[in-house]
Each structure stands twice: as C-alpha cells, then as structure tokens.
Amino acid sequence: QVQVVESGGGVVLPGRSLRLSCAASGFAFSNYGFHWVRQAPGKGLEWVAVTWYDGSIKDYAESVKGRFTISRDNSRNTLYLQMNSLRAEDTAVYYCARDRGSNSPRGMDFWGQGTLVTVSS
Amino acid sequence: DIQMTQSPSALSAFAGDRVTIPCRASKNIINHLNWYQQKAGKAPKLLIYAASTLQSGVPSRFSGSGSGTDFTLTISSLQPEDFATYYCQQTYSAPYTFGQGTKLETK
C-alpha cells in the first residue's frame, strides 16, 4: 500500500540547519510530484515547497525562499527538505505529501504523519 | 501571491444538517481548487480536486462547486465523523496557498 513516512524533525537552535526526509513506498515514486506543507502549533496549513517528477522544477513559499531547498532521490524513493538559517517562526509539524500529478498540481492525495520541528534557544 | 479567504473560521451545525463552506480567491483561478479535511492530530485528507471532482473513496455526501473566484464545499447530511477543519487550496499558480480553514463544530 502507499506509504510516505517523514523523519528528521527535532529541536534546533535559531540560525542552525536541519534536513527532513520522506521515504515513500508502494508506488512508482519517480512518476509523482511531491510537496512539503507545514502547520505551526494551533494554526492552519502553510504550503512550503514542491518538486516535480524528475526534480528539475521546484517552487517555494516566499517565507522560505533562499533558506530551504527541496530535493529528491528517485533511486532511493526519498524526498528531502534542507532547512537552513532556521527561525522561531519555522516551528511546525512538517508534512510530506504526494501530488496526484507528475509535473503540475492536481491535489495532494497521500500524506505522511508529519514530523515536528522546534526552533528554540 | 493568490490569497485564499475562508469565512467564517468556525461553523456550528447538527448531525444531519446540510452545510456549505465557502472559499474565495483573490483572483480568477478557473477551477484550480482543492478541498481537504483535517481532524485533530491527523494529516489532512484530500476530499475534492479541480473544484468539483470527488477523490476516490470519499463519501458522496461531499461535493464541491464554483469557478473563477468563488467556491463552495457542501456536505449534504452531516455525519458525526465530519466534524473537523476544512481547508481550500488553490493550485492555479505557485505558491499554492491554503485558506485559513473553517472548523465545523457540533451545535
């Protein structure tokens, strides 16, 4: 069955870096786009970034552009989010989500359980 | 960026009620609009994509309508498991923004 499982969250000091991973199984990973979506405690959903099927096209929210990098390794069926220069406002549960489409958005149909990132001194 | 507005932020209803949840885009997004349901402590679930297409496995009491800037999610007869928060999301252009959510509460 389709599964996406995030890992890599934790507590980190402001200004430091963290890399999240999302391991996928049960489907042809390289055929789908993938997103990162985050949710600060008690708040709504915020779209963070997307990478399409071959990793050549990526987009970011303004709030993370220049600090976060989304990437994928299709040989390992794994999605990544490299987060640099972390700020307190980046504290959130980070979800990995599969898009129904391969190279354009068609809705996120499978989501991981989320991994919590806490940025605090 | 395209702003998505969901108002009200909370809605009270009885089980069995017909409920409509509105969503407005700050510019014409044609039909590039998705709806998600989120229960407390859980990941969101895709209900509707392309404004009106029901995702596989979603009960037929859920429906979506609208185009351009104004969209609606309708639940024809509320079930106890439908009390949750509902988000709209535009996928017309990146960044693919969400509305702030509408929490459906039991009256």
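With a 1.4 Å probe rolled over the protein heavy atoms of all chains, the accessible area of A:Arg98, A:Arg16 falls in the order A:Arg16, A:Arg98, largest first. Gyration tensor analysis over the Cα atoms of the stretch A:76-121 returns equivalent ellipsoid semi-axes of 25, 11, 10 Å (largest first, whole Å). Distance from the Cα centroid of the stretch B:56-107 to that of the stretch A:83-108 is 20 Å (rounded to whole angstrom).
Across all Cα pairs in the protein assembly as shown, the calculated P(r) in 5 Å bins from zero up to the longest distance comes to 1, 7, 15, 19, 19, 16, 12, 7, 3, 1, 0 percent per bin.
Summing Cβ point charges (Lys, Arg +1; Asp, Glu -1) relative to the Cα centre of chain B gives a dipole of roughly 80 debye.
Straight-line reach from A:Lys58: taking Cα to Cα under 18 Å and skipping same-chain neighbours fewer than 8 places apart, the aspartates and glutamates in range are A:Glu46, A:Asp73, A:Asp99, B:Asp1. Put simply, chain B fits an ellipsoid with semi-axes of 22, 14, 13 Å; these come from the alpha carbon gyration tensor as the roots of five times its eigenvalues, largest first. The charge dipole of chain A, taken about the Cα centre with unit charges on the Cβ atoms of Lys, Arg (+1) and Asp, Glu (-1), comes to about 120 debye, rounded to the nearest 20. For the protein assembly as shown, the dipole from Cβ point charges (+1 on Lys and Arg, -1 on Asp and Glu) about the Cα centre works out to 160 debye, to the nearest 20.
Ordered by solvent-accessible area of protein heavy atoms (1.4 Å probe), largest first, the residues A:Tyr95, A:Tyr80 come out as A:Tyr80, A:Tyr95.
Look at the dipole of the protein assembly as shown built from charges on Cβ: of A:Val64, B:Ile75, A:Gly8, the Cα furthest out on the positive end belongs to A:Gly8. Take the Kirkwood radius over Cα pairs of chain A, plug it into Stokes-Einstein at 37 °C and 0.692 mPa s, and you get 232 µm²/s for translational diffusion. For B:Cys88, the accessible surface of its heavy atoms amounts to roughly 0 Å² (probe 1.4 Å, protein chains only, rounded to the nearest 10).
Restricting to DSSP loop positions (anything but H, G, I, E, B) with no more than 12 other Cβ atoms inside 10 Å of their own Cβ, which GluC sites (Glu not before Pro) remain in the stretch A:41-121?
Loop-located and lightly packed - A:Glu62.
Cysteines in the protein assembly as shown all have a partner Cβ under the 4.7 Å cut-off, so none lacks one.
The values are calculated or read from the model by the stated rules, or taken from the named source; none is laboratory data. Model, not experiment: these values are computed from the prediction. Because the Cβ atoms are built from the backbone with ideal geometry, glycine has one as well, and the counts that use them run over all protein chains shown. When the accessible area is computed, the model is the full protein with side chains, heavy atoms only, and any ligands, DNA or RNA have been set aside. Shrake-Rupley method; radii C 1.70, N 1.55, O 1.52, S 1.80 Å.
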